[in-house]
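> Got a structure for you, questions after.
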Amino acid sequence: MIHHINALDPGASPLDYYGYELRRLREAAGLTQKQLGAIINYTGSLIGQVETARKVPTPEFSERVDAALGTDGLFTRLVDLVLRSQLPAWFRQVAELEARAIDICTFHTHLIHGLLQTETYAHSVLGALHKSDLDDRTAVRLGRQRIFEKEEPPVFWAVISEAALCQEIGGPEVMRGQLARLLAFEDNPRINVQILPFSAGAHSGMQGSFDFFHFASDPAIVYTEGYGSGHPTANPDTVKDCSLRYDHLRAAALSLKDSAGLIRRVMEKRYGEQRDSDGASVA
């Protein structure tokens, strides 16, 4: 076992580097895996799995390790890089765009954007086809949301089709939590959610979902997605076309206030607690 850990190459990947440093600094502090686990409230075996690059660390785990080992935020800074490196290769570029953008505009037709997803909703979406490494894949997806914790977070604008509110992913409880999350951004001027209602009829986004990234000094990028592949482009004609489409989508969508009202209605009507004839909650 010791030989296996020693064989870990810190230059192989951010995950390997994280594991290598965790082991080095834990040993320097004179702690066993079990002792460190007891301090930060995780099992010694989980510490071992992170140290051998078999488990992806979470931001919470990293913060606790930094506090326990007095490592001045090293693992908290490193975890963003680790999580991004664990994304599917074709998606890594998008996560980098998200991290660099000063302004992100998104339009989604059938599900809530990954940057706004709750843990249980993300878990259900990612588990739709296969369940392998589901907890790790969910942690990796949620890790992208740390861009909102930056000193200068991007301005995020989401136009979401009403269909995404009605597509019941993970069951009523998961959907209630997800719609509550959307409502939680109501007083945050940097995260704006507008719903494109069914009543809008034909609209400028009928060709499908897309994301729009604006940067401080680089040209804007439009991103669309296929099955297992992403297509970013800075082609000026495409960018111009999508920019116009997005302006029209925003105009056709409900106002921020009316959008919140619709989210509340859907939440209560479709996913509200079911009650039996005696009035007791059954959901």
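Quick note: the coordinates plus some simple rules give every number you see, no bench work behind them. All figures in this text were calculated on a predicted structure; none of them were measured in a lab. Positions of Cβ are generated from backbone atoms using ideal geometry, with glycine treated the same way; all protein chains shown enter the neighbour counts.
> Within segment 102-172, which trypsin sites (Lys or Arg not before Pro) sit in a loop by DSSP and count at most 11 neighbouring Cβ atoms inside 10 Å? Before the final figure, lay out each step's value.
Working: sites: Lys131, Arg137, Arg141, Arg144, Arg146, Lys150; in loops: Lys131, Lys150.
Here the trypsin sites (Lys or Arg not before Pro) that fit, given the DSSP loop and packing criteria, are Lys131, Lys150.
> Select from Ser243, Ser229, Ser13 the residue whose mean-square fluctuation is largest in a Gaussian network model of the chain (Cα-Cα springs shorter than 10 Å).
Result: Ser229 has the largest fluctuation of those listed.
> Please go through segment 165-219 and write out the GluC sites (Glu not before Pro) that DSSP classes as loop and that have at most 13 other C-beta atoms within 10 Å. List each step's numbers first, then the result.
On the way: sites: Glu168, Glu173, Glu186; in loops: Glu168, Glu186.
For GluC sites (Glu not before Pro) across segment 165-219 that sit outside H, G, I, E and B with at most 13 neighbouring Cβ atoms in 10 Å, the list reads Glu168.
> Add +1 for every Lys or Arg and -1 for every Asp or Glu among the other residues with Cβ under 9 Å from the Cβ of Gln33, and state the total.
Net local charge, Gln33 excluded: +2.
> Please determine, in degrees from 0 to 90 and to the nearest 10, the orientation of helix 89-100 with respect to the longest principal axis defined by the Cα atoms of the chain, where the helix direction is its Cα long axis.
Once rounded, one gets 80 degrees.
> Moving on. Taking a point 7 angstrom from the Cα of Arg54 along the C-beta vector, which residues in segment 130-144 have backbone N less than 19 Å away?
The answer is 132-137.
> To the nearest 10 degrees, how steeply does helix 14-28 sit against the main Cα axis of the chain, on a 0 to 90 scale?
That works out to roughly 40 degrees.
> Hey, what's the Kirkwood Rh for segment 120-217 if you take every pair of different alpha carbons, in angstrom?
Numbers: mean 1/r = 0.0638 Å⁻¹.
Across segment 120-217, the inverse of the average 1/r is 15.7 Å.
> Still on this structure, please answer the following. Need one number: % antiparallel among DSSP beta bridges in segment 161-278, to the nearest 5. Spell out each step's value before the answer.
Working: 8 of 9 bridges.
Around 90 percent antiparallel, to the nearest 5.
> Compute the helix-to-body angle for 172-183: its Cα long axis versus the longest principal axis of the chain, expressed 0 to 90° and rounded to tens.
Taking the Cα atoms of the chain, the angle to 172-183 is about 80 degrees.
> Follow-up question, since we're still on this one. Comparing Asp135, Asp258, Asp218, which has the greatest mean-square fluctuation in the GNM of the chain with Cα pairs linked when under 10 Å apart?
Result: Asp218 has the largest fluctuation of those listed.
> Could you tell me the calculated FRET efficiency between Leu256 and Glu173, based on Cβ-Cβ distance and R0 = 35 angstrom, to the nearest 0.05?
Numbers: r = 26 Å, r/R0 = 0.74.
So the FRET efficiency works out to roughly 0.85.
> State the Kirkwood hydrodynamic radius of segment 111-171 in Å, one decimal place, computed from all pairs of distinct Cα atoms. Provide the component values of the computation, followed by the final result.
Values: mean 1/r = 0.0785 Å⁻¹.
Kirkwood hydrodynamic radius for segment 111-171: 12.7 Å.
> Moving on. Starting from the Cα of Lys269, draw a straight line to each of the lysines and keep only those under 18 Å, dropping any in the same chain fewer than 8 residues away.
none
> Something else: What are the extents of the Cα atoms of segment 89-271 along their three principal axes, in Å, largest first?
Taking max minus min along each principal axis of the Cα atoms, segment 89-271 gives 43, 40, 34 Å.
> On each of the three principal axes of the Cα atoms of segment 30-159, give max minus min coordinate, whole Å, ordered largest first.
Dimensions of segment 30-159 along the principal axes of its Cα atoms: 51, 36, 23 Å.
> Follow-up. Taking a threshold of 31 Å on the Cα-Cα distance, which of the pairs Lys34/Lys131; Lys55/Lys150; Lys55/Lys257 fall above it?
With Cα atoms farther than 31 Å apart: Lys55/Lys257.
> What is the projected area of the convex hull of the Cα atoms of segment 2-84, averaged over all directions, in nm²? If you can, show how the numbers build up before the last one.
On the way: hull surface 18.9 nm².
Computing the convex hull of the Cα atoms and averaging its projections yields 4.7 nm².
> Can you tell me which of Leu244, Leu81, Leu129 moves the most in a GNM of the chain? Springs connect C-alpha atoms under 10 Å apart.
Greatest mean-square fluctuation among the candidates belongs to Leu129.
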